[in-house]
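The block underneath contains the structure these notes are about, expressed in structure tokens.
The values are calculated or read from the model by the stated rules, or taken from the named source; none is laboratory data. Everything numeric here is computed off the predicted structure, so don't read it as measured data. Neighbour counts are summed over all protein chains in view; Cβ atoms, including those assigned to glycine, are modelled from backbone coordinates with ideal geometry. Accessible surface is based on the protein model in full, side chains and every heavy atom, while ligands, DNA and RNA are left aside. Shrake-Rupley method; radii C 1.70, N 1.55, O 1.52, S 1.80 Å.
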Amino acid sequence: MSRVFITGSTDGLGRAAARVLIEQGHDVVLHARTRERAASVAGLAPRAAGVVIGDLASAAGTRGLAGQVNEVGRMDAVIHNAGIFLEPSRGTTAEGHPKTLAVNTLAPYILTALIGRPDRLIYLSSGMHHGGAGSLRDIDWTERRWNAAQAYAETKLHVAALALAAARAWPGVLSNAVDPGWVATKMGGPGASGDLEMGSRTQTWLAVSNDAAAAVSGGYWYHQQRQAPAPEARDPAFQNKLTDRLAALTGIKLF
């Protein structure tokens, strides 16, 4: 059995993944943004390996979250599931970043750097990452007029590139990115056409399966099928520029 940490596991895809893994007998560490949000996983918490609290919009909160996870023990897998979608404004964080960038890009980067290195890393991206080209020119949205959809697309390109960069830098770690599809969650909205079970299946499979097909690295996946990510995501030069930029923004060097 594996020990798995899942960010954003109080609802939606994260909760669905946690429920499946717990039912399979794995030790799952749940994550909630606040103690109030943690109450929503009361049905899962007694069977979980722990519940950690931290606001991913805050660099300090994310660092603290990493510390809590490390106190639980070494993770076999980490699923970077948490994310926000169409923020109506830039929503400046305490560190001066757009909230979308902080939660969707900076938090997974910080957690990857500070949590003890697991055997498997899974990052939730989106098909919208194909529209995220050029995102490093004004990653902090200080020069452009705010565009919620474009900001989201850029962050999902970031995490796809981060997953593939980790795969390249750490041969002993299986690191992959997943497009869960457009799923009817709080984030996806009621009009989404995707299936919640299918949307969460790939990340749980990549996290714990002994199938040879799942024991791979550097992939971009949709419903357990490998897909071609955007060219920038698999470009080592772009990956290096991205991780250098994120190191400058966070003060944490990953590679």
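Numbers below:
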read-out: Rh by Kirkwood over Cα pairs, then Stokes-Einstein D for the range 12-91 at 1.567 mPa s and 4 °C, µm²/s; value: 96
read-out: For ASP119, residues with placed amide H under 5 Å, excluding near neighbours; value: ALA77
read-out: Test item: Cα-centred dipole of the chain, Lys/Arg +1 and Asp/Glu -1 on Cβ, debye; value: 200
read-out: Fraction in percent of alpha-carbon pairs per bin - 10 Å, the range 60-189; value: 12, 43, 35, 10, 0
read-out: Cross-link partners of LYS241 among aspartates and glutamates (Cα-Cα below 16 Å; sequence separation of 8 or more within a chain); value: ASP138, ASP140, GLU154, GLU232
read-out: 3J(HN,Hα) from dihedral phi, the range 199-209, Karplus parametrisation 6.51/-1.76/1.60, rounded to Hz, x for glycine, proline; value: x, 9, 5, 5, 5, 5, 4, 5, 6, 10, 5
read-out: Percent breakdown of C-alpha pair distances by 5 Å bin, ordered from the shortest bin, for the chain; value: 1, 7, 15, 20, 22, 18, 12, 5, 1, 0
read-out: Cβ charges +1 (Lys, Arg) and -1 (Asp, Glu), total dipole of the range 1-77, debye; value: 60
read-out: Among beta bridges that DSSP assigns inside the chain, antiparallel share in %, nearest 5; value: 10
read-out: Additional length obtainable on full extension of the chain from GLU95 to ALA248, 0.36 nm per residue less Cα span; value: 53.8 nm
read-out: The chain: relative contact order as a whole-number percent, Cα under 8 Å and 6+ apart; value: 18
read-out: CD proxy at 222 nm, helix term only [per DSSP H run n ≥ 4: -39500 (n - 2.57); per residue of the chain; nearest 500]; value: -11000 deg cm²/dmol
read-out: Charge dipole (the chain, unit charges on Cβ, about Cα centre) - positive-most of PRO171, ILE115, GLN203; value: ILE115
read-out: Dipole magnitude of the range 29-138 about its Cα centre (Cβ charges: Lys, Arg +1; Asp, Glu -1), debye to nearest 20; value: 80
read-out: Cut-off 14 Å (backbone N to label point 7 Å along Cα→Cβ of ALA215), residues of the range 102-124; value: 120
read-out: Most to least packed among 15-22, 221-228, 58-65 [average Cβ atoms within 10 Å]; value: 15-22, 58-65, 221-228
read-out: Within the accessible area of the chain (1.4 Å probe), percent carbon and sulfur; value: 50
